[in-house]
Amino acid sequence: MEIRRAATVAELLGAERLYDGPARPEWAERFLAAPGHLMLIGYVDGVPAGMVSGVEMLHPDKGAEMCLYELSVDEPYRRRGIGRALTRALAAVARERGCYGMWVGVDTDNEAALATYRSAGAAGDGEFAMLTWGFGDEAEEAR
């Protein structure tokens, strides 16, 4: 497997089957232009097999940390260590950027995700609740 940082709209659109829904070119452009946003795509024989996206976050009293926003591995490629490799690759980028740490929110019953992140070196930091706000038509489409 080869892991590369997505740098073009074509790469982001080419990995669309790894996302929850259809990709939009205008959102892909905005993603690439946003400071601190990145996506790493894992290719097997030239085919996008998995992806991980991250957002570098800054705070005046904490410095920079990486949020692992989303991890996805296409069904035929699962259980081959691709998710672990992508997670480790994102952690390496976070270190290169000077982040003091990396975090991810995971549903407590998502055993596959928990196992993947733990195998990549993550440790539990307690349970938390996630609350969301939806804004406008696009938020309604996503629900």
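Below, the figures for the structure above:
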{"item": "Unique match (being assigned to a loop (DSSP other than H, G, I, E, B) and surrounded by 13 or more Cβ atoms within 10 Å (Cβ to Cβ)) among A23, A49", "result": "A23"}
{"item": "Filtered residue count, the range 60-76, keeping only those that are under 16 Å from A15 (Cβ atoms), more than 10 Å from the chain's Cα centre (by Cα) and surrounded by fewer than 18 Cβ atoms within 10 Å (Cβ to Cβ)", "result": "3"}
{"item": "Answer from G126, G83, G121 - the residue that is part of a loop (DSSP other than H, G, I, E, B), of a type outside the set (D, E, K, R) and within 15 Å of V52 (Cβ to Cβ)", "result": "G121"}
{"item": "Residue that is most open to solvent (accessible area, probe 1.4 Å), among those in the range 86-99 that are within 17 Å of G50 (Cα to Cα) and of a type outside the set (A, V, I, L, M, F, W, C)", "result": "R88"}
{"item": "Selected residue [surrounded by fewer than 17 Cβ atoms within 10 Å (Cβ to Cβ), of a type in the set (A, V, I, L, M), touching a residue at least 12 places away in the same chain (Cβ under 8 Å) and out of contact with any Lys or Arg (no Cβ under 8 Å at 6 or more places or on another chain)] from M102, M57", "result": "M57"}
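The values are calculated or read from the model by the stated rules, or taken from the named source; none is laboratory data. Bear in mind the structure is a predicted one, so any value in this text is a computation, not a measurement. Note that we place each Cβ from the backbone using ideal geometry, even for glycine, and neighbour counts take in every protein chain shown. Ligands, DNA and RNA are stripped out before the accessible areas are found, and what is left, the full protein with its side chains, is counted by its heavy atoms. Shrake-Rupley method; radii C 1.70, N 1.55, O 1.52, S 1.80 Å.
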